[in-house]
1. So, Ala264, is that one within 14 Å of the ligand (Cβ to nearest atom), over 10 Å from the mean Cα position of the chain (by Cα), crowded, with 22+ Cβ neighbours inside 10 Å and at pLDDT below 95 or not?
2. Within the range 18-27, take every residue that is in contact (Cβ under 8 Å) with a residue 24 or more places away in the chain and closer than 28 Å to Leu307 by Cα and give me the one that is farthest from the chain's Cα centre (by Cα).
3. Between residues in the range 28-55 that are free of Cβ contacts under 8 Å to residues at least 60 places away in the same chain and residues that are outside any helix (DSSP H, G or I) and surrounded by fewer than 16 Cβ atoms within 10 Å (Cβ to Cβ), which pairs lie under 6 Å by C-beta distance while being six or more apart or on different chains?
4. The conditions are (1) within 16 Å of the ligand (Cβ to nearest atom); (2) at pLDDT below 95, and His138 fails exactly one of them. Which is it?
5. Here is a check on your reading of the model: is Glu221 over 26 Å from Ala163 (Cα atoms), free of Cβ contacts under 8 Å to residues at least 60 places away in the same chain and within 13 Å of the ligand (Cβ to nearest atom)?
6. Taking the range 159-208 as the region of interest, how many residues are closer than 13 Å to Leu250 by Cα, within 16 Å of the ligand (Cβ to nearest atom) and out of contact with any helix residue (DSSP H, G or I) (no Cβ under 8 Å at 6 or more places or on another chain)?
7. How do the pairs read when you match residues in the range 117-145 that are more than 19 Å from Ala155 (Cβ to Cβ) with residues anywhere that are more than 15 Å from the ligand (Cβ to nearest atom) and part of a strand (DSSP E or B), using Cβ under 6 Å and keeping only pairs 6 or more apart or on different chains?
8. Just checking, how many residues over the range 135-163 are part of a strand (DSSP E or B), surrounded by 15 or more Cβ atoms within 10 Å (Cβ to Cβ) and over 12 Å from the mean Cα position of the chain (by Cα)?
Amino acid sequence: MPAAITLDRFILEQQRSAAGSTGELSLLLVRLGVAAKRIADALARAGLTGSLGSAGSANVQGEEQKKLDVLANEILIEAFDYGGLVSLAASEEMEHPHSYEAKSPEARYAVLFDPMDGSSNIDVNGTLGTIFSIRRRHDGTVADLLRAGTEQVAAGYFLFGPAVLLVYTCGDGVHLFALDPSIGEFLLVRREVRMPERGKGYAVNEGRAHAWAPGVRAFVEQLKTPDPKTGRVYSTRYSASLVGDVHRFLLEGGIYLYPADAGAKGDGGGKLRVLYECQPLAFVVEQAGGRASTGRRRVLDVVPASLHERMPLAIGSRAEVELFQTYAARA
Ligand code: AFP
């Protein structure tokens, strides 16, 4: 039986074949893996250690913070506190980015993350995720982060479900790892994951349908209406965790939607954050052959004006996202 390929081995081999690589990006990805193991451990024991429930605070968007939102954020910030790899870390949970500039003046990267995606699932032991994005340091200020999603160097997510998974891309395909708890290592499960061109499922919070544009409602109605030739309808698959839903569709095909919502705060009426959620997952999904759109624009082309900007999101298989765009254009 061939030896299992660990995350560090895979990354080192990829790095060796990349011209001009210094190995710093590889180290950064490995640090993220260590942080994810600590987060997974905290999640697994949260019900026993009194770590469930609210932290009694709110994030910059005014959303309630859970104790584990705060803990996961601290673990990630700490992960880059040494090694000189990162200049800035921005997070959904912090109003201003954390600067490592004084400690790491030579750092070449900035990181962004949503430490605990799907936090309403924490207290019910549902699926959760950590999303990350890695960008280049230019001058070490926030301006480094307010650039198009196409400038991401790497992006991905950890999925905390029955297994802990890592899915990431450095722009050369999407690779999938699973944590082997018996040895505490992420092992390669699939390299160059390709997303089905078309799927059978859709994920959307349909409780918000009253606040959608007519075109969005018509699109979801079409998914639920039997196809005249095949009788086929789409199945609803909504987990309240973007990572969980996107991961399902990465493997099985389908579309996740959080459309513009008349009740949602923020630019364009979207709920999800451009830098911490939409663009990192858009990078992954495009690298696997899928699409990500606001309905009118490619997600990766958007240049956010501020750190915590939000946008509408349609992400998934090429066929469904392209169909969604035709409906969104009518709205
Ligand atoms: P958090 O990152 O604040 O936990 O939000 C979760 C999320 O961004 C995404 O993961 C879910 O799909 C979506 O919001 C759930 O939103 P609704 O509660 O409005 O359905």
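1. When the stated conditions are applied, Ala264 does not pass them.
2. Going through the qualifying residues, I end up with Glu24.
3. As it stands, the answer is Ser54/Glu64, since those pairs meet every condition given.
4. With (1) within 16 Å of the ligand (Cβ to nearest atom); (2) at pLDDT below 95 applied to His138, the lone miss is (1).
5. Numbers: over 26 Å from Ala163 (Cα atoms): yes; free of Cβ contacts under 8 Å to residues at least 60 places away in the same chain: yes; within 13 Å of the ligand (Cβ to nearest atom): no.
It is false that Glu221 is over 26 Å from Ala163 (Cα atoms), free of Cβ contacts under 8 Å to residues at least 60 places away in the same chain and within 13 Å of the ligand (Cβ to nearest atom).
6. 0
7. Going by the 6 Å Cβ cut-off, the qualifying pairs are Gly140/Ser87.
8. Residues meeting the conditions: 2.
The values are calculated or read from the model by the stated rules, or taken from the named source; none is laboratory data. The structure presented is a predicted model; accordingly, all values stated were derived computationally and were not measured. Glycine gets a Cβ as well: all are built from the backbone with ideal geometry, and neighbour counts include every protein chain shown.
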